[in-house]
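Heads up, the thing below is written out as structure tokens.
The values are calculated or read from the model by the stated rules, or taken from the named source; none is laboratory data. All of these numbers come straight from a predicted model, not from anything done at the bench. A quick note on method: Cβ atoms are made from the backbone with ideal geometry, for glycine too, and the neighbour counts reach across all protein chains shown. Ligands, DNA and RNA are stripped out before the accessible areas are found, and what is left, the full protein with its side chains, is counted by its heavy atoms. Shrake-Rupley method; radii C 1.70, N 1.55, O 1.52, S 1.80 Å.
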Amino acid sequence: MRPVKGIFCLEGYSSISTNAFATLQLLRKNCGVAFFYQAPVTYEQFWHYLSRWIAVDSELFPALYLAFHGEEGALTIGEEIVSLEELAKFLKD
């Protein structure tokens with residue numbers, strides 16, 4: 001059986017009630033999908049984990065799952081707003 005690549009998930013602290021973690025556990029239990037999960041509380045932590053994903057973990061966890069509240073075209077990270085344009089530029093570079 002071919003190993004299943006995984007999901008790298010960051011979930012906003014205020015989003016925890018949506019519980020992406022439970023979904024990831026279900027996928028692991030039923031489909032063997034590996035995952036990395038973290039709930040960054042600050043803007044700095046968010047960028048730290050995204051940098052880690054790009055530098056180290058994107059081979060093992062090619063699917064990036066961002067579970068955050070926000071507004072049209074942006075995510076709310078702690079008290080900060082991250083536009084999807086800013087996020088796309090960061091991921092592209």
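Worth pointing out:
- Residue list for segment 76-93, filter: touching a helix residue (DSSP H, G or I) at 6+ places or on another chain (Cβ under 7 Å) and either under 23 Å from Ala22 (Cα atoms) or touching a residue at least 60 places away in the same chain (Cβ under 8 Å) (or both): Ile77, Gly78
- Meets criteria (closer than 17 Å to Lys5 by Cβ, of a type outside the set (D, E, K, R), surrounded by 12 or more Cβ atoms within 10 Å (Cβ to Cβ) and under 12 Å from the mean Cα position of the chain (by Cα)) for Phe21: no
- In segment 38-66, the residues that are open to solvent by 40 Å² or more (accessible area, probe 1.4 Å) form Cβ pairs under 6 Å with partners that are of a type in the set (Phe, Trp, Tyr) and not in a helix (DSSP H, G or I), at six or more places apart or across chains, as follows: Leu64/Phe8.
- Subset tally (residues that are small (Gly, Ala, Ser) and either open to solvent by 80 Å² or more (accessible area, probe 1.4 Å) or under 17 Å from Glu11 (Cβ atoms) (or both)) for segment 71-87: 2
- When residues of segment 73-85 are limited to those that are closer than 16 Å to Gln45 by Cβ and not in a strand (DSSP E or B), the one farthest from the chain's Cα centre (by Cα): Glu79
- Hey, Phe90 open to solvent by 60 Å² or more (accessible area, probe 1.4 Å) and in a helix (DSSP H, G or I) or not: yes
- Scope segment 21-40; condition hydroxyl-bearing (Ser, Thr, Tyr) and in a helix (DSSP H, G or I); matching residues: Thr23
- Of all residues making up segment 41-72, the number that are out of contact with any Ser or Thr (no Cβ under 6 Å at 6 or more places or on another chain), of a type in the set (Gly, Ala, Ser) and not in a helix (DSSP H, G or I): 2
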